[in-house]
Each structure stands twice: as structure tokens, then as C-alpha cells.
1. Quick one: if the Förster radius is 45 Å, what FRET efficiency do A:ILE102 and A:HIS31 give, using the C-beta to C-beta distance and rounding to 0.05?
2. Please compute the modelled spin-label separation between B:LYS255 and A:GLU46, points set 7 Å along Cα→Cβ, answer in nm with one decimal.
3. Normalise the Debye intensity by I(0) for the range A:84-156, one equal point scatterer per Cα, no solvent, then take log10 at q = 0.17 Å⁻¹ and round to two decimals.
4. Just to be sure I understand: if I project the alpha-carbon convex hull of the range B:182-312 onto a plane and average over all orientations, what area do I get in nm²?
5. At 7 Å along the Cα-to-beta-carbon direction for both A:SER11 and A:ASN60, put a label point, then send me their distance in nm to one decimal.
6. With no solvent and one equal point scatterer placed on each C-alpha of the range A:1-55, evaluate the Debye formula and give log10 I(q)/I(0) for q = 0.14, 0.18, 0.26, 0.30 Å⁻¹, two decimals.
7. Suppose the chain between B:LYS225 and B:LEU136 were pulled fully straight at 0.36 nm per residue; how much longer would it get relative to their current alpha carbon spacing?
8. Assuming 0.890 mPa s and 25 °C, estimate D for the range B:127-213 with Stokes-Einstein, Rh taken as the Kirkwood radius over Cα pairs, in µm²/s.
Amino acid sequence: MGNPYEILGVSRNASETEIKEAYKKMVKKYHPDKYQDNPLGDLAEEKLQEINQAYDQIMNERQGRSNDPYGQPNRPGPEFMEIRRDIDAGRLKQAQQKLDLIQIKSAEWIFLDGMISYRKGWYDDAAGKIQQAVNMDPNNMEYQQALSRLMNAGQGYRNNAYGRGYMSNQDAFCTACQCYLCADCCCDCI
Amino acid sequence: MFMDCIIYGKRAIFVWGLILLGYVTCEKPEMKVRDFEIYNGYYCGICKSIGHRYGQIPRMTLSYDAAFLAVLLAGLEDEKDKVKREHCIIHHIKKKTIVSNGAVDYAGDVMLILAWHKAMDDMRDEGKFSAKASLLLMKKIYNKIKGRYPGLCQKIQEQLKELAVIEKEKCSNLDMAAESFAIIMEEIFNGYVEKNEREQILLKRLGYHMGKWIYLMDAYDDLEKDIENGSYNPLVYRYSKGEEEKAKDFAERIKEQCERNLLIYCSEMEKTIDLLDIKKNKGIIENIVYMGLLRRTEKALGKEEAENGESV
């Protein structure tokens, strides 16, 4: 493992609160929720592990502490279990083949078909299929959650951009300053 | 005259022209002056690199999308960039910062592959003499590049054929329509040098989603024009435009869905950038992916006047 301070992006003499801040930010960035059903999930998890280790190491070095467990969600499912496992492991072709062998297009079938599309990066296609699964089985929480996750998948990106200063030059305060400056110029003229 | 002539689809080649035009731009107000200088240095570097190796004529085909490709690929390598200050044909009074490295050369080559396909299409379409003359020269250059990146050139050609087929069939599945173009971008991002598996996965994914983003951006941008000309536009079929429905109303009706898709692509690109081990040019890359793409997306959707995020 590399230098834990570098991993967290803080200097060696950063204060404890600074380190905690940096750690929290990193965890948020690579949080499993953000990567649920995303093929990059494993890579994000690796990264998160590295961050956790780095944080633990620093904290242990400084005084000795450990923390942070993550819960793993469990999923039920009948004869589609194997297909689900394939999808989770990224074996999309096999999953699609097995799915195509099943004649009855139940809500679960359509849902998994949609999840394969999602994994492929076919989000528009996936949204249509998962919506259909929700319509067929409106009480299924998993379908609903998947749908709402997909519908809101891009929102995080926009929020992050604003957090990083996007449009910050156009906020109300700035406009107020500009008005003030303009008014000030006028005063000069007079 | 040309053995490997492909019958292109109209839209295929139009999208093609787009990589040459540049959708991927930076968010200038939020970029550091130093970063901006280097970013431009990559742009000028690609131009110079093409000029050095292939002569003056093909230099005209360059965009900031190519600069992003070079900035990113170079950013993954440890080696320091060679930076010079030089004069150039277009800016002959003021000296310009020029960056040169392997990634810059690669981005130049990719641009020329694209230019070659575009030129072939122009010739087939109009049969202009000038087009034919420059094509002879382009063919020489293209063959050289093909020798260097046979796999990449092959795949691009295959996918262009696919794209033409899909267009002819008037495909109504947006993802299927965009797939070939996305794969081309995936190959371009992954085609530079041998990488470890982790980096390959990430670069391919970045390219794929950037391809989808550009494709949809272009489809939405051109919607009204395409409807007027009766050209194929996947959105018309995907969202079943009514016969009586006006182009403007239709664009308004599907805006939200398009935005949702575009932002998902952006979000995925953001994730790959977060996971890539970027050693150089981090400020530039993050500026473009975190904000430049959003600015361009919002501009296309008509959310703002966007005099800010323009390319230079």
C-alpha cells in the first residue's frame, strides 16, 4: 500500500479534523451506493478499501482506533437466481442466453432483461424495460428502487458540479456585486 | 480507385464530422490560467505534430475533442511533457505553447483517420475534383497510420459500416443507434498503448460513454434540421414524433428524457475519471469532465445562453 496521507490527499501534518473531512469526502466519492449495479463497482470497492486502510493506518499511528463496517444487501429470487448471478458477475452474454431460453415473459424476466441493458450501458433501453416491470408488479420494491436509481443517476453528477464551483460566478451574490459596481461607476461619472 | 470504399450513412458521417468539430470543451471560468495554457499547448501540439510528420495539408482537421484525448492519455503516464514556445502558421506573431509527447502524436493520428473517412464520403457525395486530389494524399497518410494501428483502423471501419446499416433501417432504439459510435470511441480511448487491465476497463468505459454522449448531443442539436430535411434522426423514431407535431414542440416534449440520458452518460464518465490514476493534467481533465460536459449539455438543451463554456 502507498503512503496513506497521499491516498487521502492530505499533508502529513494535517489535523485530525482535516483528515476526517478528507476521509469522509473520499468515502462519499467511492461509496457503494453510487456504484450499485455498476460494472465499476469492484474497482470502486478496491479504492474504498484502500482509503479505509489508509485512514485506519493514520488513525492507528496517531492514537489507535478502528472503524467502519458496511452492510451487504441480500436479494431473493426463484429460478432466475443463476441469471442474476451472471449479471452481477458481468457475464452478460450468458445471462442473455439463459434469459432467452425462458418462454414466459414475467415481470422478473423483463426486469432482468432491463438490468442486462443497464449493465451494457443501454440506459434508455433499460429505463423502458424496468418501467414495464414496475407496471407489471407495482409492489416489488426492488424494481421500484432500480427504476428510481436509474431515473436519478445523472442528478448526482450535476450536484457535484455545483459543489465544485460550477456556475459559482453567476450566483446571486456575484450579481449583487456587479450591480453595486455598475452603480459605483455611475457615481464616478457624475 | 479506392478498394476499401465504404458506403457511409448520412448521419454516420455527420457524427463523424462532429468529433472534428468539438463537443468536449472546458469550463473556462473555472479553469486555472496555467491549466488553460497547457490545454491549449496540447491543442497546438497536435497540430504541430501532424504538420511535422505529414506535411501542412491535413492539419486543418483538428478539434478540442482531440486535445482532451491527448490530455487524458498523457495524464496517465509518468513521463514529463516536452514544452516549447514556438511560432505557427496561424498565430505567426505571438509565440504559442506547444506540448509534445506520444499521446499528442496519437491524438493527431486519430484525427487523421477520421478525416480520411470524412474525405472519402465527401468525394462519393460530390465527386469534386479538389476532394479527389486531396484524397490521394490522404490515402498515403491513412495507409501509414493503418500500418501503425491496424486493429484500430479495422474496427473503426467495421463500426462505420454498422452505423450505415442501422441508419438505413431507421432504428428506433436509441441505444442501438448509438452503439457503433460508442464502440468507435471506446476503441480510440483504448488504442494508444498497452495498459494494465484496470486502466483498460476504465478507459474503454470512458470512451464508450463519451461516444454515447456525443451521439445523443448531436442528435438533439440537429433534430429540427433533420426533421426539416427528412434525414434520419434516431430521436424521431425513438419518441415517435406525430405527423402533425411541430419540430419545436417535439424537441420540447423529449427534452427531459434526453437530459436524463445525457446526465447518466456524464455521471458515468465522472466515475471513471474518479477511479483513474491520473498523474498529470488532473486539473484540466477534471474541469472538462466535471463541468465542461455539463455546460455543453445544458447549452444543447437550451437551459442557458452559455457564453461561458465556449471553446476558444
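The values are calculated or read from the model by the stated rules, or taken from the named source; none is laboratory data. This is a predicted model, so every value here is computed, not measured. All Cβ positions, glycine included, derive from the backbone under ideal geometry; neighbour counts span all protein chains shown. Remember, those area values only see protein heavy atoms, side chains included, never the ligands or the DNA or RNA. Shrake-Rupley method; radii C 1.70, N 1.55, O 1.52, S 1.80 Å.
1. Values: r = 34 Å, r/R0 = 0.76.
E(calc), rounded to 0.05, equals 0.85.
2. Reported label-point gap for A:GLU46 and B:LYS255 is 4.2 nm.
3. Log10 of I(q)/I(0), two decimals: -0.59.
4. Average of the hull's projected areas for the range B:182-312 equals 9.3 nm².
5. Label at A:SER11, label at A:ASN60, 2.7 nm between them.
6. After summing over all Cα pairs, the log10 values are -0.37, -0.57, -0.97, -1.16.
7. This chain segment gains 28.8 nm when fully extended.
8. Rounded to a whole number, D works out at 168 µm²/s.
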